[in-house]
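Everything on this sheet refers to the single structure shown next.
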Amino acid sequence: MASLLSVIFALFVSLGLPDAVIGAAWPQMYLDLSADAAGAGLLAMVTSACTIVSAFTSGWFLEKFGTYRVCLASVALTSVALLGFALAPGFWALFTLSIPLGLGAGAVDAALNAYVALHFSTRIMNWLHASWGVGAAIGPLTVGFTLNVFDSWRPAYLIISGAQCALAIVVFFTRGVWRRAVVPVEEPPTHQDDLAETPSTHHASTRDATDAAASSITRERLPWYRLPLIWASLVSFFVYCAIEGCALLWSATYLVDAWGEPRDLAAAAASAFLIGMTAGRIGAGVIAPRVANTYLLRGGTFVVVLGSALICVSVSPSMATIGFFLIGLGCAPIYPATMQELPRRFGAVNTQRVVGIHMGFAYLGTLTIPPSVGVLITRIDPLALLVVLISGAIFMLGCVEYIERRLRIFPT
């Protein structure tokens, strides 16, 4: 089992590797390719759109081919796409290659989330997403290294493509350890370790009438769009993923445009956001059995506001980098905590459906908002990034408080 977990965590590290590379490399890439300064937003839109398609069709592929084959094919596809990025002669080549990159990322993301949800505990789920942060933090550091040593972003894509190829070989030779995946992905978790940790997702001091209220108002299998509180939950998650996508894609550009940071240093500093997110998710996995998800959501959004405010008042690039670290730290528990709250908000009978709907809204947030913010920060003012981060976090906190208040007043 330890070997299987090692492979799963390595796969999620590989999933994170290319996610932040484009944002870190873009200040130099668009100059080399004679592209528009806001063009990274268009690439992000294409990648996200293909990720949405891949995620929504992953159920069929998992049923037909199984987790092992889907993961192997996805990593191989991603490796080829990243090799194409390294050799791309112009922007439109990047545009075309973003299609297989998104398809591969969406498939492995959905496959691993489903597999871990079925076979492992919620603590492992937190650490799974922490593994993504490890990969996403390594990406910008790789870009910074190659810009400094080779004065080029292309070797970074070659290195990451090679790492993906090596992982595909490892997965190919680990087929036997995946044979535990015998439970259909549509079924809810039934393993004892999952059931054992279910009560821990909400602290005993907060397990009161709200849980009974949540189950009483959602015991029926209603159409998802008619579920009480569904739209507040979906919009909140949409905004969170927009915040994460904006910080991931535009932090290096902000440091270059607002502070005149050298592009190699800005690429490395941009990894501060991902380092904060990774550290926060590791910590969240440790304290999750003892801290209510609601407190994690509230605390996370507050830290996002604090980090954004610190960047606003920064007097140096180093201070701004610390602000991006705090934003990542605040973002860390929000995705896992939201997923763990869905059964309480909507009842077990509706959970499987609303998880998929929330993931769809997550990708939509990444698809739509970061490109628009890219136009604002490159055409108007880099401070537009901070306005979006602060206002988004405050709005998200309002949604969380609204949901909690409604859960308390619903009749039991």
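The values are calculated or read from the model by the stated rules, or taken from the named source; none is laboratory data. This structure is a prediction, so every number in the text was calculated from the model and none was measured. What goes into the accessible areas is simple: the full protein's heavy atoms, side chains included, and nothing from ligands, DNA or RNA. Shrake-Rupley method; radii C 1.70, N 1.55, O 1.52, S 1.80 Å.
Please list, ordered by chain and number, the residues whose modelled amide H lies under 5 Å from the amide H of A292; skip anything fewer than 5 residues away on the same chain.
Excluding prolines and chain starts, which carry no amide H, the hits are H203.
Through the Karplus equation 6.51 cos²θ - 1.76 cosθ + 1.60, θ set to phi - 60°, convert the phi angles of the stretch 165-175 into ³J(HN,Hα) values in whole Hz; use x for Gly and Pro.
Once θ is set to phi - 60°, the couplings for the stretch 165-175 become 4, 4, 5, 4, 5, 4, 4, 4, 8, 10, 4 Hz.
Please list, in chain and number order, the residues 5+ apart from S314 or on another chain whose amide H is under 5 Å from its amide H, with Hs placed from the backbone.
So S314 has HN proximity to no qualifying residue.
If you plug each phi of the stretch 359-370 into the Karplus form 6.51 cos²θ - 1.76 cosθ + 1.60 with θ = phi - 60°, what whole-Hz ³J(HN,Hα) values come out, in order, with x for Gly and Pro?
5, x, 5, 4, 5, 5, x, 5, 6, 9, 7, x
Mind checking the per residue accessible area of the stretch 310-412 for me, 1.4 Å probe, whole number of Å²?
Dividing the accessible area of the stretch 310-412 by its residue count gives 40 Å².
Quick one: accessible area per residue over the stretch 47-101, 1.4 Å probe, rounded to a whole number of Å²?
45
Using a/c under 1.5 as the rounded threshold, could you call the stretch 270-382 rounded, prolate or oblate? The axes a ≥ b ≥ c are square roots of the C-alpha gyration tensor eigenvalues, and prolate needs a/b larger than b/c, oblate otherwise.
Oblate, since a/c reaches 1.5 and b/c is not below a/b.
Taking H placed 1.01 Å from N in the peptide plane, check which residues at least 5 places from E261 or on another chain put their amide H under 5 Å from its amide H.
Those lying under 5 Å, H to H, from E261 are V256.
In whole percent, and with a 1.4 Å probe on the protein chains, what portion of the accessible area of the stretch 242-387 is carbon and sulfur?
After summing per-atom areas, the C and S share lands at 74 percent.
Under the Karplus relation 6.51 cos²θ - 1.76 cosθ + 1.60, θ = phi - 60°, what is the ordered set of whole-Hz ³J(HN,Hα) values for the stretch 262-275, x standing for Gly and Pro?
Computed from phi, the couplings for the stretch 262-275 are x, 5, 5, 5, 5, 5, 5, 5, 4, 6, 4, 4, 6, 5 Hz.
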